[in-house]
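Right, one structure below, let's go through it.
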Amino acid sequence: MKILLDAAQISNSLEYLAQCIAGAAGTGSDIGIIGIRSRGEILAQRVTKILAQKISKDVPCGTLDITLYRDDLNSPAGQEIPQVRSTEITFDISDKIIFLIDDVLYTGRSVRAALDALMDLGRPRAIRLAVLVERSGREYPIQADYVACSAKVDEGQFVQVKVVEVDGIDEVVVE
């Protein structure tokens, strides 16, 4: 196991993502932050708090569950029964610039599912992707607009994001 980011580095990374979003959003833009369940949800909440302080304005934040949009839902290789949880977006995403936040961008499949789920909820003006960690291995032509950390990870290794709210510690490890 190798520690890729410790708690301080995660904090700095989220600060960086919030700064990128603030710069991209401009002063008058109508924006919303949406985190992909489950770690992306927590990171989105943290980024939203930082962003609200930076721009002195409340920013709507929501959570997107992509379980039913996954392309591996009925895969015979899947052994676990997926747990469907709620999508919690209490604002209209139509005509907003949506900043979609996830913990790790790997194959692009989760982001593809998130895009499909968002389109069922409205028609945003634009969708931008911000990720804590980007690694190689894309299967779909999806790239993040904002990346806090790019990791060179060998095939067969996994990037695991741990957050204090769930795991009792903030760190990103490669296993």
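Bear in mind these aren't lab numbers, they're just calculated from the coordinates by the rules spelled out. Small disclaimer: the values here were computed from a predicted structure and weren't measured. Glycine gets a Cβ as well: all are built from the backbone with ideal geometry, and neighbour counts include every protein chain shown.
Need the full-extension length gain, Leu121 to Asp95, defined as separation in residues times 0.36 nm minus the C-alpha distance. One decimal, nm.
Result for the pair: 8.2 nm of gain on full extension.
Where does each of 33-45, 122-134, 142-154 land if you order them by average Cβ count within 10 Å, highest first?
33-45, 122-134, 142-154
Along region 36-51, what does the Karplus equation 6.51 cos²θ - 1.76 cosθ + 1.60 (θ = phi - 60°) give for ³J(HN,Hα), rounded to whole Hz, x for Gly and Pro?
With coefficients 6.51, -1.76 and 1.60, one gets 7, 4, 10, 6, x, 4, 5, 5, 4, 4, 5, 4, 4, 4, 5, 4 Hz.
Grab the chain and count how many Lys pairs have their alpha-carbon atoms under 24 Å apart, sequence gap of 8 or more, or different chains.
Numbers: Lys2/Lys152; Lys2/Lys162; Lys49/Lys57; Lys49/Lys96; Lys49/Lys162; Lys54/Lys96; Lys57/Lys96; Lys152/Lys162.
Taking the Cα cut-off of 24 Å, the pair count is 8.
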